[in-house]
Amino acid sequence: MDVNDLAFKFNLDSIYKLEKLSANILPNQSKYPLTYKALKSAVSQYFDSCPHFSNAFFPVFESSFVEQKKLKKFVLDTISFNFFSSIILFVFKIILLIIFKSNLLKIRYPNCEIAPNKYRSSDLYFEINLLALKIKYKIRPQNRIHAFFRGLVTSSLSPLSVLLFYFLSILPRININHIQYLKKTNPLFLRLIETSLEYDLKITKSFLSSLEIKSFTHSGWFSVKGSILFKALKALNINTKVYAHGHLSQPSLAFYYPVESSTFVVFTEEEALRLKKLSSFFNQPLKNIEYILPDLIIDKEKIRNSLKNSSTILLGFSSPDFLANELIVKKYNYLVKSLLKLKLKVFCRPHHQASEKERIILSINGQIPIYKDDIKLLDREKTLIIGSSSTLLIDAAIAGIMSFEISDFSVNCSWLIKSLPCYTIEKFLTKLEK
């Protein structure tokens, strides 16, 4: 399978622009490396959400991303943390480290798996040494104590760091575009953040080492917490595996590239090849990049039969942002009404981040029901799933349900799932009618 040249060039151009933007607005990378890395996740969200940066090819979609409230949420969520929970987790971590040093307690956690299925994690092994007594406990992954330890592992920030990032985010909270002034932050304050993150890294390394973790699995590394956590994992030579959270549709691919884990798992073969091509282009060490769904070679006869035999249509989208654009909402309504005229059962599957207002728009004020059950319960022979850039489409293909990309709802060429058949609304309707 070949990498889509247009998508690759689009990603490459976005990566260059993000690097330039980061250099212009973030604190000096050589002076504050941990702070720079931690804040880059927020800057990438700012970059990818702004039409000025990411949607040059598709200006019709600009209005959907200019919503300041939503943009602010995307950016600030990456640097906002619960202060009180950070205190609780940090205190527990310090207490445990003290106990570990006294040799009264030993806890082993050989295989820590947070995602995609936390219950695949290995058991927690407790060994208590009290006087002449040696007591051993084994805690299963379903236990709440096990879940608490997963939280301890991933909580890599101290309360001080959480507080400092809150102060740093005050100006962007007032106006998200103030994020461009991060570079002008007082050098003493930046040094304080960097020192606090250095301490966090030290504590994280000590804690991970004490648990004797041999392998670690997660669904993402690119965040403030993740930047510290994965730096510690790398320093300890712990084997790491990251599952991509969703389809690789970001313009800059910042949450996926560069690959910071030993193994990176994406949904489709095209995504894996795109990441490998980027690594090769930038002369990066080639990491182990795996994929779940191989390139689908679907013959036209199978597509025809699926379209002919279908009686149920499920609509799914990656993000409901496009619904802020009046033209796109009209296209969506036209598609749904056209499907209903063909006497088809039509359902919608809102993204988990969709607001109540967006759910109402997707259901067209209740005209079509919202599907909440597992898609595996659907009749594979009579169901089609259509939409844009949603992992729901990939999950459907894996489950053996025919799925299609509808290009009218795509923001850019990176968003399209190149491994699936892709039609415009009109072409899809024409094929259904035949």
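Structure above, values below:
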quantity: Net charge dipole size for segment 330-434 [Lys, Arg +1 and Asp, Glu -1 on Cβ; Debye, nearest 20]; calculated: 340 debye
quantity: Under-5 Å amide H pairs with residue 292, H placed in peptide plane, nonlocal only; calculated: 266, 267, 268
quantity: Antiparallel bridge percentage (DSSP; both residues within the chain; nearest 5); calculated: 25 percent
quantity: Fewest-first sequence of 361, 313 by Cβ atoms within 10 Å of each Cβ; calculated: 361, 313
quantity: Dipole-positive endmost among 126, 252, 288 within the chain (Cβ charges, Cα centre); calculated: 126
quantity: Dimensionless Rg/Rh of the chain - Kirkwood Rh, Rg from C-alpha atoms; calculated: 1.00
quantity: Spatial separation of Cα centroids for segment 319-379 and segment 99-173, in angstrom; calculated: 41 Å
quantity: ³J(HN,Hα) computed for each position of segment 73-83 - Karplus, 6.51 cos²θ - 1.76 cosθ + 1.60, integer Hz, glycine/proline x; calculated: 4, 4, 6, 6, 4, 6, 10, 10, 9, 6, 5
quantity: Gaussian network model of the chain, springs between alpha carbon atoms under 10 Å - residue of 283, 239, 28 with greatest fluctuation; calculated: 283
quantity: Cβ-based exposure ranking for 245, 218, in which fewest neighbours within 10 Å come first; calculated: 245, 218
quantity: Amide hydrogen neighbours beyond the local backbone of residue 240, cut-off 5 Å, H modeled; calculated: 216, 262, 263
quantity: ³J(HN,Hα), Karplus 6.51/-1.76/1.60, whole Hz, each residue of segment 133-144, x for Gly, Pro; calculated: 8, 10, 10, 10, 10, 10, 10, 6, x, 6, 6, 5
quantity: Segment 314-356 - charge dipole about Cα centre, Lys and Arg +1 at Cβ, Asp and Glu -1, debye rounded to 20; calculated: 400 debye
quantity: Estimated [θ] at 222 nm from DSSP helical runs (n ≥ 4, -39500 (n - 2.57)) normalised by residues in the chain, nearest 500; calculated: -14000 deg cm²/dmol
quantity: Using alpha-carbon coordinates, inclination of helix 269-281 to the longest axis of the chain, degrees; calculated: 60 degrees
quantity: Dipole-positive endmost among 415, 365, 311 within segment 300-433 (Cβ charges, Cα centre); calculated: 311
quantity: Order of 112, 413, 422 under a 10 Å beta carbon neighbour criterion, fewest first; calculated: 422, 413, 112
quantity: Placed amide H near residue 387: partners under 5 Å, 5+ positions off or other chain; calculated: 316, 404, 406
quantity: Furthest towards positive pole of dipole, 29, 99, 238, structure part the chain, Cβ charges; calculated: 99
quantity: About the Cα centre, charge dipole magnitude for the chain (Lys/Arg +1, Asp/Glu -1 at Cβ), debye; calculated: 960 debye
quantity: Distance violations [Cα-Cα > 26 Å] among 72/183; 40/202; 277/372; 300/427; 37/287; 9/300; calculated: 277/372; 9/300
quantity: Tilt relative to the chain, helix 326-341 - C-alpha long axis, 0 to 90 degrees, to 10; calculated: 60 degrees
quantity: Phi-based couplings in Hz for segment 215-225 (Karplus 6.51, -1.76, 1.60; Gly and Pro marked x); calculated: 9, 9, 10, 8, 10, x, 10, 8, 7, 4, 5
quantity: Between segment 200-276 and segment 1-41, the alpha-carbon center distance in angstrom; calculated: 17 Å
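Throughout, read-outs are computed from the coordinates displayed, never taken from laboratory work. Just so we're clear, the structure is a prediction, and the values are computed from it rather than from any experiment. Reconstructed Cβ throughout: ideal geometry from the backbone, glycine too, with neighbour counts over all protein chains shown.
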